[in-house]
1. State in Å² the accessible area per residue of the chain; use a 1.4 Å probe, count heavy atoms of protein chains only, and round to the nearest integer.
2. For residue 173 and residue 202, FRET efficiency with R0 = 56 Å and r from the beta-carbon atoms, rounded to 0.05?
3. Kindly list the residues of the stretch 142-170 that lie in the label zone of residue 215, defined by a backbone N under 14 Å from the point 7 Å along the Cα-to-C-beta vector.
4. Rounded to a whole number, what % of the accessible area of the chain do carbon and sulfur atoms account for, probe 1.4 Å?
5. Of 114/244; 49/300; 101/201; 66/244; 49/314; 201/244, which ones are farther than 22 Å apart at the Cα?
6. Would you please put 145-154, 38-47, 287-296, 78-87 in order of how densely packed they are, using the mean number of other Cβ atoms within 10 angstrom per residue and starting with the highest?
7. Please find the FRET efficiency linking residue 69 to residue 186, where r is the Cβ-Cβ separation and R0 is fixed at 45 Å, and quote it to the nearest 0.05.
8. Positive end of the dipole of the stretch 241-321, charges at C-beta (+1 Lys, Arg; -1 Asp, Glu), about the Cα centre: which of 281, 305, 255 has its Cα farthest in that direction?
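The values are calculated or read from the model by the stated rules, or taken from the named source; none is laboratory data. The structure presented is a predicted model; accordingly, all values stated were derived computationally and were not measured. No Cβ is skipped: glycine too gets one built from the backbone with ideal geometry, and neighbour counts run over all protein chains shown. Accessible surface areas use protein heavy atoms only, side chains included; no ligands, DNA or RNA. Shrake-Rupley method; radii C 1.70, N 1.55, O 1.52, S 1.80 Å.
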Amino acid sequence: MSINSFGHLFRLTTWGESHGPALGATVDGCPPGVTVDEAMIQQWLDKRKPGQNKYTTQRREADEVKILSGVFEGQTTGTPIQLMIENIDQRSKDYGDIAEKFRPGHADITYWQKYGIRDYRGGGRSSARETASRVAAGGLARAALAKLAPEIEIKGYMTRMGTHEIDREQFDWDQIDQNPFWVPDAAAAETWASYLDGLRKSGSSVGAVIEVVARGVPAGLGAPVYGKLDTDLAAAMMSINAVKGVEIGEGMSAAMLTGELNADEISMGPNGPEYSSNHSGGILGGISTGQDVVVRFAVKPTSSILQTRKTITKSGEAAEIITKGRHDPCVGIRAVPVGEAMMACVILDHLLLDRGQTGGVRGPIG
C-alpha cells in the first residue's frame, strides 16, 4: 500500500515522477463556485519552478499547469479537479551511473529495501519535483480561501541557511519578494548570496529553515484530540521531501522557557481577546486562537552533490559515487512556496471541517 493522498474534506492526491512524462494532483472536496483558472494557479508555480537563477537547479521546466477536470466556465463545479504539469527537460542519462548504486542521504536505499524496485532517474517519487503538484493544489486552496475567508493571508520565507540566520530586528515583509532566497532581511540576502555561490561552485549543498505564517486565521479551527490543527500542519510540512524537523510557534525553544515566560497572557480588547505574545504559534489545544499561525520547518542539504561519497551497490559491494546532473545547492529556497501551499491546504481543510461540525458557532466572550 502506498499513501499518496492528504487531507480530510479538501483532499489532494499527487502522482507522477521526476523524469516521467508528467506529474500532477487530483483534488477532491474543493467547494463549488470558486473562481479559478490556470493563470491563477500558475502564479504560485512560477515561484517554485527551477532554473530562475544560479542558486537553484538549472533544469529548465516551464511548470505550466493544465486543468483537465472539475472547472467549468472559470468556476469549480464541486467535482474532482485534475491538474497536470508536463516534464519537458528530463536528462535521465545523467543518472545512468547510479542505477546500481545508492546515493548517501537519499531515499534510494530505502525505496529499494521496501519495494525491490526504484526509479533511479532523479529519484522518482522521492524527488523534490513531486512538490510542484502540491503547489498547484495549494493554488486551488488559496482561491477557495479567497472566497470563503478573504482575510487570511499566507506568507513563507527563509530564516536560516546553514549557519547563517536572519536578524529578527531587521525583519521586513516587503523584502521577501525582492531577493532569490525569500528572506525578510536585505543584509542577510547579500551575505547568503556570497555564501551559497561558494558552495555551488564547490559542488556541495546546505540546509535551510523556512517559516510560514498564516495571518487572519479565525479562532476555532482544529479539534481535539487527533484532529488538532497543529497535528495536521506538522504532518503536512514533514511530508515535504527533504524536511527533517517541524516546529509550531516557539517550538523546541519552549523547552528552555519557564511557565511564566511561555504563557501568552490574555486581555480583553475592543474586538475580542488579545494576547501579549505568541509563543503558542496561534494554536492552543490544537485549536486556533485567532493569532498568526506560525510553522517552521528544517530542510536538509541536497543529497545529490558533486563530492565523492562512499556507498554500496545493490549487490552489497563497496563503491564511491558522485551524483551528476542539475541540483539545487540549497533546496530550501524552492521549499518556501511548497510550505505556503501546504499551509493553504491545511487551513482550508480545517475551515471546511469546522463549518461541518459547528457551523461557525463560537462561545461568546464579553
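1. 46 Å²
2. Efficiency, from the Cβ-Cβ distance: 0.95.
3. Answer for the stretch 142-170: 151-157.
4. Values: 8950 of 16990 Å².
Its accessible area is 53 percent carbon and sulfur atoms.
5. Values: 114/244 20 Å; 49/300 19 Å; 101/201 25 Å; 66/244 31 Å; 49/314 33 Å; 201/244 25 Å.
Exceeds cut-off: 101/201; 66/244; 49/314; 201/244.
6. Details: 145-154: 15.4, 38-47: 17.1, 287-296: 22.3, 78-87: 19.1.
With the highest mean Cβ count within 10 Å placed first, the list reads 287-296, 78-87, 38-47, 145-154.
7. E between residue 69 and residue 186, to the nearest 0.05, is 0.55.
8. It is 305.
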